[in-house]
Each structure stands twice: as structure tokens, then as C-alpha cells.
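Input: a single structure, listed below in C-alpha cells.
The values are calculated or read from the model by the stated rules, or taken from the named source; none is laboratory data. All of these numbers come straight from a predicted model, not from anything done at the bench. All Cβ positions, glycine included, derive from the backbone under ideal geometry; neighbour counts span all protein chains shown. Heads up: the accessible areas ignore ligands, DNA and RNA and are worked out on the full protein's heavy atoms, side chains in. Shrake-Rupley method; radii C 1.70, N 1.55, O 1.52, S 1.80 Å.
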Amino acid sequence: NAGVTQTPKFQVLKTGQSMTLQCAQDMNHNSMYWYRQDPGMGLRLIYYSASEGTTDKGEVPNGYNVSRLNKREFSLRLESAAPSQTSVYFCASTPDPGTGSEQFFGPGTRLTVL
Amino acid sequence: AQSVTQLGSHVSVSEGALVLLRCNYSSSVPPYLFWYVQYPNQGLQLLLKYTSAATLVKGINGFEAEFKKSETSFHLTKPSAHMSDAAEYFCAVSAWGGSEKLVFGKGTKLTVNP
């Protein structure tokens, strides 16, 4: 099993450009999450999908959209990138939300917006 | 609502010394508590978790943590630090019966000196 995979690993954008970060998991997990990590801030939740067909905002959703394409895939879209979105983005998944099951994390996408 | 405070953004110990990383949480409902480790340029990996089965939780790589409800704490310890323990450590909390949204602390970077 590959676990949680993310593409791309690195990306440089100019202000105003758009892009989609891809995430897939092969563990048949129900819930998926997108976080951003900034120095000294820990990880902050952007959006999550508790189950296929549902998505909800997290702590910092402004400037982002998500799509739960199917049970495996959960994408994050930046419609008009801003320098404040320079960050490392992590996707995660968990099998049984609300039961204390751990989240499994992908390797991250390092995004720079110039 | 849940929140996590990690005391000390940087902790430095000598190889062989005790490691103590502090985590205090706030939760209006019984919590699930997690410690994750992040090695440079990698995703997060679960060290251990508390899900109410036992207050002293043992994890991987010789780490353990004790849940103290009266102190709202979940401090991480290891009796003898190894050079390979150098990493960033994150404490996180989620709520029972919720969507497994994790709220992370800001992280503690552990340095191990030879």
C-alpha cells in the first residue's frame, strides 16, 4: 500500500495563478483532510471531508476550494494564489472519524507563491 | 471547542538525558489526544495516542505519555534521548464522536546534543 500520496511535491506559482493539489489514499478510509503548516503555527485545518460526498470548512478555508472526487481522492484548489498561501500543505486520512483513530499523513506539497 | 498548548517551541537535551515535552489541552468534552513526530522534510508520523483505555500510553521509539485529567496535561517523555530523536513534535486533540478534526499545538523542536 502506498498510503497517502500527494502531487506535486514542489510548486512555484506567481500571484494570481491557479492550481490544484492532488491527494489520494489507498486504505479505504472514510475521512480526508487538508492542512497547511507554517513555521511556528503548527498545522491548521483548511477543509475536511468526513465521508464521500461531504466537505466542510476548517479553521483557515479562505482562498481555497476542495473536491472529494471519490472515496480515494480529495483535491485542494487555489483559484487565485496569493503570497500568504506560501506554505507546506499536508493531506491526511482516517478510517473511523470520532473514534480516536489516527490520521495518516502524506509527504506534503511545498508551495511558494511569488 | 478544543485547543492545545505546547510549552517551549525549542527543547535541547544531551544524548542519554531525559526528554520531556509538555502538552496541555482544553476540551469541553472527553478528548482523544495524540503525539505526532515530524522529521525534516517529511510528513507526520503517529508516536502514540490516548483513547481512554489507559492513562499511561506507550508509543514507538521508547516514548510514552501520561494523561492527567486533573492537570489537563499529556506530556511526552523518553528516559534516554538518542540522536535520532531530533525532530519536531506535535501534540493534538480531537473530540469524541466528532469528525476527527485534529487541533494541533504549535510544535516543539527537539535538539539532541552529543
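Before moving on, here are some points about what is shown:
- Total formal charge among the other residues, if their Cβ is under 12 angstrom from that of A:T99, Lys/Arg +1 and Asp/Glu -1: -2
- Across peptide B:25-34, the average count of Cβ atoms from other chains found within 10 Å of a residue's Cβ is 1.
- The range A:78-86 - phi-based ³J(HN,Hα) in whole Hz, Karplus 6.51/-1.76/1.60, Gly and Pro as x: 9, 6, 8, 5, 10, x, 5, 8, 4
- Cα-Cα pairs of the protein assembly as shown separated by more than 33 Å (percent): 16 percent
- Here the Karplus curve 6.51 cos²θ - 1.76 cosθ + 1.60, taken at θ = phi - 60°, turns the phi angles of the range B:31-45 into couplings of x, 9, 10, 9, 10, 10, 10, 10, 7, x, 6, 10, x, 8, 10 Hz, with x standing for Gly and Pro.
- Within straight-line cross-link reach of B:K78, aspartates and glutamates at Cα separation under 19 Å, skipping those fewer than 8 residues along the same chain: B:E15, B:E64, B:E66, B:E88
- Antiparallel bridge percentage (DSSP; both residues within chain A; nearest 5): 90 percent
- Across peptide A:89-98, the average count of Cβ atoms from other chains found within 10 Å of a residue's Cβ is 3.
- Prolate/oblate/rounded label for the range A:1-45 (Cα gyration tensor, a/c 1.5): oblate
- 10 Å Cβ neighbours from other chains, averaged over peptide A:104-111: 3
- The B-A contact accounts for roughly 1700 square angstrom of buried accessible surface, both chains included, probe 1.4 angstrom.
- Nearby aspartates and glutamates by direct alpha-carbon distance to A:K57 (threshold 14 angstrom, same-chain neighbours under 8 apart not counted): B:E100
- Size-normalised alpha-carbon gyration radius of chain A, reference 2.2 N^0.38 Å: 1.00
- For the listed residue pairs A:K71/B:K58; A:K14/A:K71; A:K9/B:K101; A:K14/B:K106, the alpha carbons are over 26 angstrom apart in A:K71/B:K58; A:K14/A:K71; A:K14/B:K106.
- Under the Karplus curve 6.51 cos²θ - 1.76 cosθ + 1.60, θ = phi - 60°, whole-Hz ³J(HN,Hα) for the range A:29-41, x wherever Gly or Pro sits: 7, 7, 10, 9, 9, 10, 10, 10, 10, 10, x, x, 10
- Average accessible area per residue (Å²) across chain A - probe 1.4 Å, nucleic acids and ligands excluded: 44 Å²
- At most 14 other Cβ within 10 Å, DSSP loop - GluC sites (Glu not before Pro), the range B:21-97: B:E71
- Mean projected area of the convex hull spanned by the Cα atoms of chain B, taken over all viewing directions: 6.8 nm².
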